[in-house]
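Notes for the one structure printed next.
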Amino acid sequence: MKTIDDRLPKIGVAFDGTRIATKEQWEGKRRPEILGFFKDEVYGNFPARPEDLSFRVVSSERSVFSDDVTTEVLEASFSGDRGTFSFPFYMFIPRSDRPVPVMLLICNRSKAENIDLSRQIHTDFFPVEYLTSHGYAAVSYWVEDLDTDRDDGSVNGVQQAFSLSGDHAWGTIAAWAWGAMRVMDHIETDPRLDKSRVAVVGQSRGGKTALYAAACDERFNAVYSSCSGCTGAALSLYKDGETIRQINEVFPYWFCKAYRKYDGNEVALRCDQHELLSLIAPRCLYVASASMDDWADPKAEYASAYLAGEAYGYYGLKGLESDVQPRPCLQVTGDRVGYHLRPGVHDLTLYDWQMFMSFLESRK
């Protein structure tokens, strides 16, 4: 994708042709219809917060790496109309005399290697020691504790507890995003955590999940999408890299069944991914790409982040300044939109975390 194509759907034009000029029009008309499109046609609709949602502390102890950090395992439990379900999540909370901000990682890699409570295994994918030493609570859950990452007919995950079905019902990414919202429900009640400064973070399929979670739940004040590619940050129309047909052939269960009508038919999309990103406005949006990650299409990811800036304009905020993708190792930012292109392959590294944290710290 050499330039941003002017045939893309326009953030500022409603489905009925109305041109959106004010924040009130955006919030009252355009934002709801964009969100409705992604719920109905891409990721799927999900149930409301269960009325009997509860949280149990499974364990709480000093971290093995610091007496100033508490390690906790919690379990969220609830009932759907077809049964009960529970899943664990993990928190590393630095000691502080005031509530601390939160990094909520949607972990789509090995739980044993990336959420190791003993800290015998250290990975940059979830750099707990680094995050807590900089005053952040490091919180995570493993996506497969919500729903298995395979096409199992939605019988082994959270979806089996609810009777939602049909072409517009939640796929696996929506189930994972729904889990992030339930963790947020706990964060809101924990006096050690600053509920106004919760960033949801994900890489690859986790990045797709983070974007959908933040689009649906405005309690997240920031979202970081790393190498999220097709049906994540990257545009679907007029691009290179993975296509809708290709992702639906390999991972059809990630999305609702209605999404399959766009296989090889991207021109029928009423919204593209820059409009998903626009739903984050006026909160902090950060997108990162890797220079050797052609499948995720870094140029299409950057174009999407750039175009999303139009929605920030409704709040008097500036998006990214240039429509030209920056060179590697150069962070570019607007008022609440940021981007960097990291040299290397499809990954989430300590460098990526550092770039995102510097962006957030400059926007307290």
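Things to note:
- The stretch 59-114, residues that are over 30 Å from Val155 (Cβ atoms), in contact with a Gly (Cβ under 9 Å, 6 or more places away or on another chain) and part of a loop (DSSP other than H, G, I, E, B): Ser96
- Inter-residue pairs, beta-carbon under 9 Å, first among the basic types (Lys, Arg) and in the stretch 307-318, second at pLDDT 95 or above, 6+ apart: Lys318/Gly309; Lys318/Tyr312; Lys318/Gly334; Lys318/Asp335; Lys318/Arg336; Lys318/Val337
- If the condition is being within 14 Å of Ala288 (Cα to Cα) and in contact (Cβ under 8 Å) with a residue 12 or more places away in the chain, then the stretch 319-333 contributes Leu320, Gln325, Pro326, Arg327, Pro328, Cys329, Gln331, Val332, Thr333.
- Test: residue in the stretch 124-132 that is surrounded by fewer than 19 Cβ atoms within 10 Å (Cβ to Cβ) and outside any loop (DSSP other than H, G, I, E, B): yes
- Residue list for the stretch 259-274, restricted to those being farther than 15 Å from Ala233 by Cα and surrounded by 18 or more Cβ atoms within 10 Å (Cβ to Cβ): Tyr259, Tyr262, Leu269
- For beta carbons closer than 6 Å, sequence separation of 6+ or different chains, a first residue in the stretch 36-50 that is closer than 9 Å to Gly171 by Cα and touching a residue at least 12 places away in the same chain (Cβ under 8 Å) and a second that is surrounded by 15 or more Cβ atoms within 10 Å (Cβ to Cβ) and charged (D, E, K, R), the qualifying pairs are Asn45/Lys39.
- Hits in the stretch 19-53 - residues which are of a type in the set (Gly, Ala, Ser) and surrounded by 13 or more Cβ atoms within 10 Å (Cβ to Cβ): Gly36, Gly44
- Whichever residue in the stretch 89-118 is closer than 13 Å to Glu72 by Cα and in contact with a Phe, Trp or Tyr (Cβ under 8 Å, 6 or more places away or on another chain) and, among such residues, is surrounded by the fewest Cβ atoms within 10 Å (Cβ to Cβ): Leu117
- Identification of helices (runs of 4 or more DSSP H) wholly contained in the stretch 161-263 with 2 or more residues that are over 19 Å from Asn108 (Cβ atoms), in contact with a strand residue (DSSP E or B) (Cβ under 9 Å, 6 or more places away or on another chain) and at pLDDT below 95 yields no element.
- Of the residues making up the stretch 1-37, those that are under 27 Å from Asp297 (Cα atoms), hydrophobic (A, V, I, L, M, F, W, C) and part of a helix (DSSP H, G or I) are Ile34, Leu35, Phe37.
Yes/no matrix, rows are residues, columns are (1) crowded, with 24+ Cβ neighbours inside 10 Å; (2) over 21 Å from Arg219 (Cα atoms); (3) touching a Pro at 6+ places or on another chain (Cβ under 9 Å); (4) acidic (Asp, Glu):
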position	(1), (2), (3), (4)
Tyr286	yes, no, no, no
Lys299	no, yes, no, no
Ala303	yes, yes, no, no
Leu317	no, no, yes, no
Val324	no, yes, no, no
Arg342	no, yes, yes, no
Phe359	no, no, no, no
Arg363	no, no, no, no
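- Close pairs from the stretch 105-129: first of a type in the set (D, E, K, R), partner not in a helix (DSSP H, G or I), Cβ under 7 Å, at least 6 apart: Arg109/Phe125; Lys111/Trp142; Glu113/Ile121; Glu113/Thr123; Arg119/Val64; Arg119/Phe65; Asp124/Thr349; Glu129/Phe65
- Any pair with Cβ under 7 angstrom, 6 or more apart, that starts in the stretch 160-179 at a residue that is among the charged types (D, E, K, R) and ends at one that is at pLDDT 95 or above: Asp167/Cys256; Asp167/Lys257; Asp167/Ala258
The values are calculated or read from the model by the stated rules, or taken from the named source; none is laboratory data. The structure presented is a predicted model; accordingly, all values stated were derived computationally and were not measured. Positions of Cβ are generated from backbone atoms using ideal geometry, with glycine treated the same way; all protein chains shown enter the neighbour counts.
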